Structures are given as structure tokens and as C-alpha cells.
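The values are calculated or read from the model by the stated rules, or taken from the named source; none is laboratory data. Quick caveat: nothing in here was measured; it's all calculated off a predicted structure. Every residue, glycine as well, gets a Cβ built from its backbone with ideal geometry; the counts of neighbours run over all protein chains shown. The area values use the complete protein model at the heavy-atom level, side chains included, leaving out ligands, DNA and RNA. Shrake-Rupley method; radii C 1.70, N 1.55, O 1.52, S 1.80 Å.
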Amino acid sequence: MSKFKKKEKREVPQPPSGSLSDIVFMLLFFFMVTTTMRETESKVITDAPQATEIEKLERKDLTSYISIGSPTAKYQAMYGTGAQIQLNDSFKTKEEIRDFIASEREMRNEADREFMTVAIKADKKVRMGIITDIKQELRRCSALKVMYIAKQPVE
């Protein structure tokens, strides 16, 4: 009998895959919880005009959107085909813009309130008088950082 036994070739053991599904589900759950989806439904038809200059938003979470255009087919029976103002998920009048801006400011952190931007997304067929009235209301409630959403220029 020999003192030393000849070692057999051993295979490298496979890592345990029993907890792999747990890890995948934890990652899935984490991303589902932390991801925010846009909750507003566009109730107006907006065909934005062509842009001449483009500036990217630094923080989209500090942006409040005002959409102006004719209502979609679903809402035309109730609101007609004229231009309507949509703030978040409902149609409002220009007088209610002050309350909208005040509520949007209250939702923001106090340090971020000065960086709040109002983005106007208007159909290119909307009369300029409506947009001017909205801008006047924004000035009255000191929402002076305004930008317009437009299509990117074709190169």
C-alpha cells in the first residue's frame, strides 16, 4: 500500500442557483418601486411647431406642464373643438392657473422652488391670444421661468 494516493481530477462545483431567483425578484421589485411613471394623460391634441433653438431641461422633476389644444375625440362632445387648457389631468380655465402653480410649488422642496419651470406645450394652430393670457397669469403668480415645447428641427 502506498502512502500517497493518486488524486482524482475534481470538477469545479457549480455555484448554487437556488437563491438566484430571489435576487432577480428583489432587483425587479426595487426598480418597480423606485421608478416613477408619468401619471398625466394627454387630453388635448398638440402638434408642436418646429423649433429653431433647443435647450435641454436640467431637471425634469421640477417642470410643470401646461398643454393647450383642441380636446381629443373622447372629450369633444363635452368640451367642444375649441382650444382648451389642460393642467395635469383636467381641463381648467386661465383663472385657475394661479392655484395650479401654487399647488405645484407646495409639492416641491423649499430649496427647489426657485428652479421650478413651467413648460407650455401648445398646438401650432392655437391662437396667440390664449398663450398671451396664460403668460400674463404666470407673471402674476411669479412663475417667470417658462419654456415652450416644440419639435426638433430636421437636419
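With the helix formula -39500 (n - 2.57) applied to DSSP H stretches of n ≥ 4, the chain reaches a computed 222 nm mean residue ellipticity of -8500 deg cm²/dmol. Loop-located chymotrypsin sites (Phe, Trp or Tyr not before Pro) across region 55-114 with a Cβ neighbour count of 14 or fewer within 10 Å are lacking, with loop assigned by DSSP.
Rounded to the nearest angstrom and listed largest first, the equivalent-ellipsoid semi-axes of region 46-99 from its Cα gyration tensor are 24, 16, 10. In the structure shown, the pairs Lys74/Lys135; Lys92/Lys145; Lys56/Lys92 are assessed against 24 Å; a Cα-Cα span above that value is assigned to Lys74/Lys135; Lys56/Lys92. When a 1.4 Å probe is rolled over the protein heavy atoms, the share of accessible surface on the chain that falls to carbon and sulfur comes to 55 percent. Expressed per residue, the C-alpha convex hull volume of the chain stands at 264 Å³. Protein heavy-atom accessible surface, 1.4 Å probe, per residue over the chain: 81 Å².
The Cα atoms of region 9-90 cover 81, 36, 22 Å along the three principal axes, with the biggest extent listed first. For the chain, complete DSSP H runs whose alpha carbons reach 20 Å or more along their own long axis and whose mean Kyte-Doolittle score is -0.5 or higher are 20-34.
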